[in-house]
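The values are calculated or read from the model by the stated rules, or taken from the named source; none is laboratory data. Keep in mind that this is a model prediction, so the values were computed, not measured. Virtual Cβ from ideal backbone geometry, glycine too; neighbours counted across all protein chains shown. These accessible areas exclude ligands, DNA and RNA; they are computed on the full protein's heavy atoms, side chains included. Shrake-Rupley method; radii C 1.70, N 1.55, O 1.52, S 1.80 Å.
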Amino acid sequence: MKIGIVGCAGRMGRMVVAEVLSTDGAELAGGSEAPGSEFIGQDVAALAGMEAVGLKVGDDAGALFRASDAVIDFTVPAATAEHAGLAGENGRALIVGTTGLEAEHMGALEKAAAKAVVVQAANMSVGVNLLLGLTEQVAGALGDDYDIEIFEMHHRHKVDAPSGTALALGQAAAAGRGVDLNQVSQRVRDGHTGPRNPGDVGFAVLRGGDVAGDHTVIFAGDGERIELTHKAGNRSVFARGAVLAALWTPEQKPGLYSMRDVLGLG
Ligand code: NAD
């Protein structure tokens, strides 16, 4: 299966290139970067710390889609929306790991999903996808007298907050309670906030160092507290999940899928 990597010079892009090159059944179709990137023309594999394979980083994402069976995207939301258009036009599978997607970007993925297999997940690791299911289950079992707070910490380079994974955990908690996260989400607390609103789902964000991704969902009741924690030791777990998702796509009908679908945890 031929897999293309958009954003192949990024932190995740390089890990995905290395993962594709070391996965049986996966063949690297090539990589692209943003027009004007200093990496254009360099060897895609060498950039990822692997032996050169003679594929140069390009800036023509359309050509990369046409040369690939599936394309993996860890870039920025605006680029992901453009790539979704190319996936739909060319009928190629698209695996989206980019976070910080707003309604307009999700709309582009939904449109593409009418004609192509699209897998989108704020977190591609097996452990986090298990945590999403557990969070929904625990939130459903406990009443509103258990306050739900979500903590996340990431490396100093991360540009969006709260993390896409923290928001997905919030959505899982809200789903378990049968409420809409938008109505109960408390994303920032500062100054004289007054007491906590019953039923809120709160978020706390830390940034620093090279933390690959820590997430904890806290259910705080009177006299007891349940904490569900996941810690990513390094980013290769996300790259492995993305390649697994790409290898899963050939048997699927066009549609928008999650990592929970890929892992059979749906
Ligand atoms: P990064 O900044 O290192 O890499 C992003 C790359 O995308 C850059 O090289 C940039 O030049 C490139 N890019 C931008 N526009 C482009 C375009 N039009 N065409 C091609 N390439 C383009 O960032 P990163 O740390 O690799 O993270 C990328 C995204 O992945 C972020 O949104 C991050 O939150 C997310 N992420 C998701 C998971 C997951 O499991 N889903 C895990 C880690 C990171």
Flagged in the range 82-93 as within 13 Å of the ligand (Cβ to nearest atom) and open to solvent by less than 30 Å² (accessible area, probe 1.4 Å), in numbering order, are H83, A84
Contact list, first residue from the range 237-263 and open to solvent by 70 Å² or more (accessible area, probe 1.4 Å), second anywhere and of a type in the set (K, R), beta-carbon distance below 8 Å, six or more apart or interchain, is P254/K115
Within the range 129-152, residues among the β-branched types (V, I, T), crowded, with 23+ Cβ neighbours inside 10 Å and assigned to a helix (DSSP H, G or I) come out as T135
Residues of the range 153-163 being of a type outside the set (V, I, T) and surrounded by fewer than 19 Cβ atoms within 10 Å (Cβ to Cβ), in sequence order, are H155, R156, H157, K158, D160, A161
By residue number, the members of the range 100-112 that are open to solvent by 10 Å² or more (accessible area, probe 1.4 Å) and under 16 Å from I72 (Cβ atoms) are L101
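Looking only at the range 153-199, which residues are part of a loop (DSSP other than H, G, I, E, B) and more than 22 Å from A121 (Cα to Cα)?
V188, R189, D190, G191, H192, T193, G194, P195, R196, N197, P198, G199
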Of the conditions (1) at pLDDT 95 or above; (2) open to solvent by less than 40 Å² (accessible area, probe 1.4 Å); (3) out of contact with any Leu (no Cβ under 8 Å at 6 or more places or on another chain), the single one that A172 does not satisfy is (3)
When restricted to L181, L206, the only residue within 16 Å of the ligand (Cβ to nearest atom) and either open to solvent by 20 Å² or more (accessible area, probe 1.4 Å) or touching a helix residue (DSSP H, G or I) at 6+ places or on another chain (Cβ under 6 Å) (or both) is L206
